[in-house]
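Before any comments, here is the structure.
The values are calculated or read from the model by the stated rules, or taken from the named source; none is laboratory data. Quick caveat: nothing in here was measured; it's all calculated off a predicted structure. Here the Cβ positions follow ideal geometry from the backbone for every residue, glycine too, while neighbour counts run over all protein chains shown. All accessible areas refer to the heavy atoms of the entire protein, side chains included, with ligands and DNA or RNA removed. Shrake-Rupley method; radii C 1.70, N 1.55, O 1.52, S 1.80 Å.
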Amino acid sequence: MSIEAISLSGRKKLVSNKEMTFWERMYIVAIVKGLMITIQHLFTRKVTIQYPEQVREMSPVYRGQHMLKRDEQGRENCTACGLCALSCPAEAITMKAEERKPDEKHLYREEKYASIYEINMLRCIFCGLCEEACPKDAIYLTTSKVLVASSYDREDFIYGKDKLVMPLDIAMQNAQLKNTN
Amino acid sequence: MKVTIDGQEIEVEAGTTILQAARMIGGESVPPAMCYYSKLKGSGGKCRCCLVEVAKGSEADPRPMPKLMASCVTGCMDGMEVNSKSSDRVKEARESVTEFLLINHPLDCPVCDQAGECDLQDLSFEHGKAKSRFIEEKRTFEPENIGPNIQLHMNRCILCYRCVMVADQLTDNRVHGVMDRGDHSNISTCISKAIDNEFSGNMIDVCPVGALTDKTFRFKSRVWFNKPYDAHRECTTPGCCGKTTVWMFGDEIQRVTGRKDIYHEVEEFICNECRFDHKDPADWVIEGPREFDKDSVINQNNYTQKLDTVQIATEEGILKGREQDRKKISMPAIPLDKEEEDNFKHGNL
């Protein structure tokens with residue numbers, strides 16, 4: 001089979017500008033054909049929903065804003081291993097590691113922690129590979145509906161630890177939940 | 001002497017070990033080595049990672065050797081036939097050795113500075129199991145300070161003795177060694193003395209795991225975020241070549257190491273002054289980027305490598321279109337001939 005005869009899409013059509021016959025020029029058949037398609041659509045499933053009353057179901061793999069997790073004792077899980085930054089296809093994550101001091105044992109779980117952890121939300125594509133790569137279960141993509149809050153300044157889109165680390169009260173709630181179970 | 005390793009023949013001189021012969025061939029049949037270091041006399045024979053199967057002892061005595069042999073300390077014989085990667089017995093043995101090495105090795109790769117250039121990581125990536133069968137508690141040691149430049153993590157040590165040999169063969173006065181016996185054996189200085197010899201920093205380079213790391217680089221960065229360059233300087237220390245690899249982050253030199261080859265062995269040893277005291281780029285003459293294996297994590301996010309164009313068999317006709325069609329994009333340049341023009345006007349159906 002020659003390359004010219006192969007139709008990769010299966011929809012190859014030869015075009016021509018052949019002159020139309022009398023019946024074709026009357027357009028009646030064409031109009032009826034078109035109407036039939038319109039009427040067909042009246043009986044198919046509607047693609048829209050009545051929004052405020054009805055809400056669409058979230059996908060189970062929905063990925064919202066990131067959160068750096070704390071464990072049950074409120075210590076940060078992240079150890080700045082850099083695997084999230086390595087796996088990030090958009091190169092949105094940067095971090096700087098520091099050694100934990102003896103009096104900071106209640107703040108950080110491991111010997112090393114991230115003193116600076118930044119995600120550039122303008123670059124992030126919410127693919128979830130950072131979550132996938134994390135060996136310490138530290139970074140998670142939450143189901144929050146706000147992905148990135150709008151702003152006029154580019155600096156506002158670089159999220160530091162102040163915006164990313166899980167708030168302490170949520171960590172306490174998690175600990176309580178775990179204790180009751 | 002003729003030796004066959006995994007079906008590949010090579011001529012070697014008498015006195016060559018199987019591991020050296022395999023490295024001359026190169027490729028996948030090279031056994032992994034955790035304790036053997038070609039620049040250190042007397043190294044090898046401890047870790048048992050490099051076990052190979054000798055299927056034929058020699059031309060004179062063709063019987064196979066009954067047990068797997070440590071290739072780094074077994075000499076070649078004429079007509080020897082060795083199976084390395086091609087043998088299932090060898091594969092199984094290496095898996096078991098890896099499992100044993102990992103019994104007491106802590107799972108702290110995310111914290112460890114050696115991660116990314118660690119021999120044990122490479123070994124367990126290739127031969128390790130995903131799950132540990134060891135349920136007992138891992139052996140741990142009290143952290144010990146062995147001086148301002150070198151960080152000792154005894155928990156990570158696999159007792160390869162390379163650092164002891166460095167101290168014996170490069171420095172005149174060894175102050176550290178392996179203390180105690182059996183499960184308790186650990187690398188330590190005698191009554192916590194600081195290691196301050198001018199060539200002691202090479203212990204960091206020879207350490208196959210993260211037991212001995214650079215204190216000046218501690219937690220600064222991960223190795224794959226740094227850009228390694230070959231550099232040299234005029235070093236006045238006797239015995240130091242001054243040729244190093246500098247690991248840069250932006251304009252900052254974060255770490256200086258010896259130049260390591262594909263088996264992670266330094267080409268030449270360097271002194272502590274080069275390694276720890278010169279972190280200013282002005283001190284160094286940068287020769288150019290240091291090259292690593294294609295699959296090394298150090299090459300991640302590195303776009304300077306030249307990539308080959310992928311050739312697809314049908315590319316000629318499909319991706320770019322036929323030669324005559326590409327010309328036709330410019331219509332006036334190639335007018336249609338009479339028959340084509342007729343078809344176009346009146347349809348060719």
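For the reader, a short list of remarks on this structure follows.
- Which numbered condition B:Ser221 misses (of (1) assigned to a strand (DSSP E or B); (2) farther than 30 Å from B:Ile25 by Cβ): (1)
- Close Cβ contacts (under 8 Å, 6 or more residues apart or on different chains) running from residues in the stretch A:154-181 that are part of a loop (DSSP other than H, G, I, E, B) to residues that are of a type in the set (D, E, K, R) and modelled with pLDDT of 90 or more comprise A:Gly160/A:Glu118; A:Met166/A:Lys69; A:Met166/A:Arg70.
- Filtering the stretch A:110-126 to residues that are open to solvent by 50 Å² or more (accessible area, probe 1.4 Å) and either in a strand (DSSP E or B) or more than 14 Å from chain B (Cβ to nearest Cβ) (or both) leaves A:Ile116, A:Glu118, A:Leu122, A:Ile125.
- Residues that are aliphatic (A, V, I, L, M), in contact with a Cys (Cβ under 8 Å, 6 or more places away or on another chain) and closer than 28 Å to B:Asp293 by Cα occur at least once in the stretch B:118-133.
- For the stretch B:137-154, the criterion of being β-branched (Val, Ile, Thr), within 14 Å of another protein chain (Cβ to nearest Cβ) and touching a residue at least 12 places away in the same chain (Cβ under 8 Å) is satisfied by at least one residue.
- Test: residue in the stretch B:22-40 that is touching a residue at least 40 places away in the same chain (Cβ under 8 Å), surrounded by 21 or more Cβ atoms within 10 Å (Cβ to Cβ) and among the polar types (S, T, N, Q): no
- Qualifying residue in the stretch A:43-57 (condition: within 14 Å of chain B (Cβ to nearest Cβ) and closer than 23 Å to A:Ala149 by Cβ): no
- Residue match in the stretch B:44-60 (condition: free of Cβ contacts under 8 Å to residues at least 40 places away in the same chain and open to solvent by 70 Å² or more (accessible area, probe 1.4 Å)): yes
- Of the residues examined, B:Phe269 is not one that is at pLDDT below 85, part of a loop (DSSP other than H, G, I, E, B) and within 26 Å of B:Ile150 (Cβ to Cβ).
- Identity of the residue in the stretch B:272-314, open to solvent by 70 Å² or more (accessible area, probe 1.4 Å) and outside any loop (DSSP other than H, G, I, E, B), that ends up modelled with the lowest pLDDT: B:Pro289
- For the stretch B:97-114, filtering for residues that are surrounded by 21 or more Cβ atoms within 10 Å (Cβ to Cβ) and within 14 Å of chain A (Cβ to nearest Cβ) leaves 4.
- Candidates B:Arg89, B:Arg94, filtered to the one that is open to solvent by less than 20 Å² (accessible area, probe 1.4 Å), in a helix (DSSP H, G or I) and within 30 Å of B:Ser132 (Cβ to Cβ): B:Arg94
- Of all the criteria given as (1) more than 14 Å from chain B (Cβ to nearest Cβ); (2) closer than 29 Å to A:Thr180 by Cβ; (3) of a type outside the set (A, V, I, L, M, F, W, C), the one not satisfied by A:Gln40 is (2).
- When restricted to residues that are within 22 Å of the chain's Cα centre (by Cα) and exposed (fewer than 15 other Cβ atoms within 10 Å of the Cβ), the stretch A:149-166 contains 8.
- The stretch A:18-94 holds helices (runs of 4 or more DSSP H) entirely within its bounds, and those carrying 2 or more residues that are within 30 Å of A:Tyr113 (Cα to Cα) and open to solvent by less than 100 Å² (accessible area, probe 1.4 Å) map to A:83-87.
- Yes/no for B:Met154 being of a type in the set (A, V, I, L, M) and open to solvent by less than 30 Å² (accessible area, probe 1.4 Å): yes
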